[in-house]
Every structure is written in structure tokens, then in C-alpha cells.
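Chemist: Please see the structure below; I have some questions.
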Amino acid sequence: SPLILWFRKDLRLDDHIALIKAARSGRPVIPVFILADEGSPYAPLGAAQRWWLNHSLEALARSLEQKGSRLVLRRGAPETVLAALAAETGANVVAVTDLPDPAGRKEDERIAGVLEERGVALHGFGGLLLHDPEKLRTGSGGGFRVYTPFWRALNQQAAPAPPRPAPDAWTHPARWPESEPLTSFDLLPRKPDWAREFGSHWTPGEKGALDRLHRFTEGALKGYAVNRDRPGIDGTSGMSPHLAMGEVSPRRIWAAVEERREGERNGPDGEDIERYQKELVWREFSYHLLHHFPELATRNWTPAFDSFSWVDDPAGLEAWKRGLTGYPIVDAGMRQLWRHGWMHNRVRMIVASFLIKDLLIDWRVGEKWFRDTLVDADPGSNAASWQWVAGSGADASPFFRIFNPILQGEKFDPDGTYVRTFVPELSRLPTKLIHRPFEASLVELRAAGISLGSTYPRPVVDHRFARDRALAALAELKAEK
Ligand code: FAD
């Protein structure tokens, strides 16, 4: 009887263990994608990711067709759809790649129970993480809460298994079940089409992922250790949205950078490679944290933060979302997010610190906005990173470390390239003023064609005042303890 291959956040054929097993079984394979309701662990996390999913499904369908197969699209509650599909085709096995988050695992267990009652077995396989969170534990058997020992422990394990290519061929069913058209999923924004620029920046799908990976390992990997912190340079891999949808496996990425270790003399050095692998392991670490603390996106890891006096500031929040805070590096980041559905890591830290510490807005508000607007929205990394910046997380930056948005801008975007790209109304300011337009004289502003308060906003809050206010709120929290 046929076998259903249920795709979720593993939209690729390369290094796909469930597909390899399915092909080996010799049974006819029916690939299916089910659009579950919003909020389901199988659904994209937000609007930007829905855009990505639309194009990724097109790409997956094309890759399957090249192998003589198809992608069957259905909508609805997965257990109902799968049971109906099994009854229709006579399939008694559903193969999946296990989701790495606890909500996904729990839902899979529930669905496995429902299917079992109908004589259908759900078989799960790995592939979305380098290591199983159940197997990588501290000496005393608990989960890791601190990154450095986690990295050390991970390195003491055997190197990740090598990635495996897609099978050349497998068996197809004689009759294909009906598929709904992709347009019925209604995944793309209409009016306004805020995603219109995404397509010139990203190529969703497995081929887009592998091409980008190749460009990175041949290009920006050399110098990554230094350039990764410079938002004005295209110095990072851009693998995050591809990883979020499972279009490339972390093992494939790991192997691709390892391969460059023994490369030509002019290639990346050991430090570039190790630095990159360390970042990839931050993703891993975030998932392991989520595994041990499933409420990572909604509850403070450090309960002392539960009584923090957050401020309700709708005007400040709106200015932050729109990139109109009056702090150029913050505004550039928030506008990059609008335009590309992605933001450079350094700037994510700066804008998150600004929301939490300068505006005193609860980190969960920022986490939610990112979840909706990032093409790489990820249940582990997003939640863990927001808690990290807030100081409420497991291995967190202390709350009193408050980023100064002016100095951060000057340090990491020293020539103002990044600001000039995303905040064009400031582009004619001289470099010495690009991160502090509010200190420019009227003459300087006029020469740059800027009218503060009209063509570009004045700061929504004074950073020095905000810093003192944040430290006072922290002191209050400490006094309460
Ligand atoms: P590269 O520098 O090329 O890194 C390679 C890979 O390593 C990334 O694709 C990613 O998988 C992983 N990685 C790198 N940095 C981190 C990090 N700090 N934490 C976890 N994994 C990391 N990343 C997401 O994938 N999804 C999110 O929703 C997300 N939200 C974030 C929210 C905040 C407030 C902050 C500060 C960071 C967040 N990050 C998130 C982490 C990081 O910013 C992105 O992974 C990175 O910018 C992606 O770009 P890249 O692929 O070019 O990174």
C-alpha cells in the first residue's frame, strides 16, 4: 500500500531522512502539504513567513515534478485530512520529519493517536537539528542553560553525520489524489503589498537555499568572523529563512563550511569557520532551551521579571514599528525589516534593546512583531533572543547592559552605509552626523535637505533620560526581591 510523506517545515528533497526511508520502502509515495490553521505548530508563524511558504511550496512542487512525483495540497485539520487521504488511497503509513519544538512534538503525539485508531501509523524522523535535545544533557542530566558549556559538550560529541543526497527515484502511485490549487491557500499579501521587495532579495525554496549557501561559502565566509557584525556589509549567510522552513538541513550547512577548511590558501580561515559554526549552534541552543522551557515566548525564564513595571506606550511602539524613532540605526533596522522581512543580527539586538530599555515596552510585544514580520521567524531563536536582550532569559545579557543607539550605530555602521540605504532622507548628512542628526546645526540640516520633525522625526525619547528610567525600574525590581 502507498505511503504518505507529510511535509511541514522540511520543504526540501536533499538530506531528507523521511524521504530516503520512504523511497527505500519501495511503496508508492504520496507527498502532501497541509495548510493548518494559524497558531498550529505546523503553520507558518506570521504574515511574512506566509509569503515565503507560498513560494517555497511552488519550488517544492517543481522539484517533485522533476522526479516524476507531485505535491498534493490540502487545507484543514491535519488529522482529518490525513485520515481522509489514507482512506482514499489505502495508505497505512504517514512519514514525517519531526518538528524540533515541543508544541510540534506534542501535536504529533496527539495526531499519531488519532491516526492509530484508524489503522494508520505516523513515523517520525530527524533532520531539523544537529543533535537531539533529549540526548545532549549536562553532567547531572539536565538541559543546558548556558551557551559556552553547551558548545563544548556539542563539540565533544561525534561530528554531525554527513548530509545525504535526495534519492534518484522512487515509486509513484498509479492514481493521484486530488490537490487543491495553491492560490486557495491565500498566502500572499494583497493591498498593500508590503512584500513587493522580498522577491528581489530572496529566492525561497531548496535551490535558492543551496545556491545562496554556495555563494556564501565561496564568498563572505572568508572574513565572516569580523564582517558579521557590520550591517552595512553583506557579510552573513542569509540562511535563516531557509532554515526556518527546512529548505536546507543544518547538517548540509555544517558540511559545506567544513569543506572549506582544507580549501585554497586564500580561503576562509579556521576562525571564520568556527565563528560561523558557533552561530549555527546558537540556533541549536535556542531549540534546546525551548525544549526544556516550552513557554519561552510567553513567560520570563527568570520569574523575578514577572513584576517588572513595563510601560504602555502606543505612540512609542508605533514609531518603533514604522522606523520613525528618530534614532537612525533603529529606524534603518525596522525599515530593513519592512523591506526585506529580515534584519541584520547586530541591529536586531539594537532595536530590541531600544524597545525594551528605552521605551520600557514588554519584550513579548517585540517578540510578537518580529514573529509576524520576519521571514525567518523561528519559535526557538526569536523567543530566546528576545529574552536574551531583555535580561530575563536563561543565558542572558544582564538587564543593566543598555545599548546606546548612537554609539552602537557609530561603532558598527561607521561610514553610515546601512543608515543611508534604509533611511534615504538622511543620506546627505556627513558621516560624523549620520547617527546623530538631532545634534546637527540648522545650516548642516538644511545642506542635507532635512527638516527635523518634518522630513525626519526628532527622537521619541531622550536616550539619557530613558537609560536612567530603565535602571530605576530595574532597581525597583531588585528591591522587591
Ligand atoms: P548568519 O550570521 O549567517 O548565521 C548563520 C545561522 O546561524 C543563522 O541562519 C541562524 O540559523 C544561526 N544564528 C545566527 N545568529 C543566531 C542567534 N543570535 N541566535 C540563534 N541563531 C543564530 N534568528 C532566527 O533564525 N529567527 C528568529 O526569529 C530570530 N529572531 C531574533 C530576534 C532578536 C531580538 C535577535 C537579537 C536575534 C534573532 N535571531 C533570529 C538571531 C539572528 O539575528 C538571525 O539568526 C540572523 O540574523 C540570521 O541571519 P543569517 O542567516 O545571515 O545569519
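Chemist: Compute the whole-percent fraction of alpha carbon pairs in the chain spaced more than 28 Å apart.
Modeler: In whole percent, the share of Cα-Cα pairs in the chain beyond 28 Å is 56.
Chemist: Distance check, please: which entries in 207/278; 21/106; 222/432; 9/278 exceed 27 angstrom between their Cα atoms?
Modeler: Listed pairs above 27 Å: 222/432.
Chemist: What ranking of 5, 359 emerges when the number of other C-beta atoms within 10 Å of each C-beta is taken as an exposure proxy, fewest first?
Modeler: Ascending number of Cβ neighbours within 10 Å: 359, 5.
Chemist: Using alpha carbon centroids, what distance separates the range 180-221 and the range 222-267, in Å?
Modeler: Distance between centres, Cα-based: 18 Å.
Chemist: Okay, next question. As a test of understanding, state the convex hull volume per residue of the range 198-262 from its alpha carbons, in Å³.
Modeler: Dividing the Cα hull volume of the range 198-262 by its residues yields 91 Å³.
Chemist: Something else: Using +1 at the Cβ of each Lys and Arg and -1 at the Cβ of each Asp and Glu in the range 47-162, identify which of 77, 154, 92 lies farthest towards the dipole's positive end.
Modeler: Most positive-ward Cα: 154.
Chemist: Before rounding to the nearest 500, sum -39500 (n - 2.57) across all DSSP H runs of length at least 4 in the chain and divide by the residue total; then give [θ] at 222 nm in deg cm²/dmol.
Modeler: Roughly -13500 deg cm²/dmol at 222 nm, from the helical runs in the chain.
Chemist: Separate question: Full-extension gain between residue 318 and residue 295, please, as 0.36 nm times their residue separation minus the C-alpha to C-alpha distance.
Modeler: 5.6 nm
Chemist: Something else now. Select from 449, 205, 41 the residue farthest towards the positive end of the dipole of the chain; place +1 on Cβ of Lys and Arg, -1 on Cβ of Asp and Glu, and compute about the Cα centre.
Modeler: Checking the options against the dipole of the chain, the answer is 449.
Chemist: Rounded if a/c is under 1.5, else prolate if a/b is larger than b/c, else oblate: which is the range 175-306, with a ≥ b ≥ c the root eigenvalues of its Cα gyration tensor?
Modeler: Taking the square roots of the gyration eigenvalues as a ≥ b ≥ c, the range 175-306 is oblate.
Chemist: Order of 451, 286 from fewest to most other C-beta atoms within 10 Å?
Modeler: 451, 286
Chemist: Another question, if that's okay. Of 63, 240, 408, which is farthest towards the positive pole of the chain's charge dipole, taken about the Cα centre with +1 and -1 on the beta-carbons of Lys, Arg and Asp, Glu respectively?
Modeler: 408
Chemist: Compute the Cα gyration tensor for the range 303-480, then decide on rounded, prolate or oblate, letting a ≥ b ≥ c be the square roots of its eigenvalues: rounded whenever a/c is under 1.5, prolate when a/b is larger than b/c in the other cases, and oblate in all that remain.
Modeler: prolate
Chemist: Suppose every K and R has +1 on its Cβ and every D and E has -1 on its Cβ; what is the size of the dipole of the range 3-127 about the Cα centre, in Debye to the nearest 20?
Modeler: 340 debye
The numbers here are math on the coordinates, done by the rules we state, and not lab data. From a predicted model like this one, the values you see are computed outputs, not experimental measurements. Every residue, glycine as well, gets a Cβ built from its backbone with ideal geometry; the counts of neighbours run over all protein chains shown.
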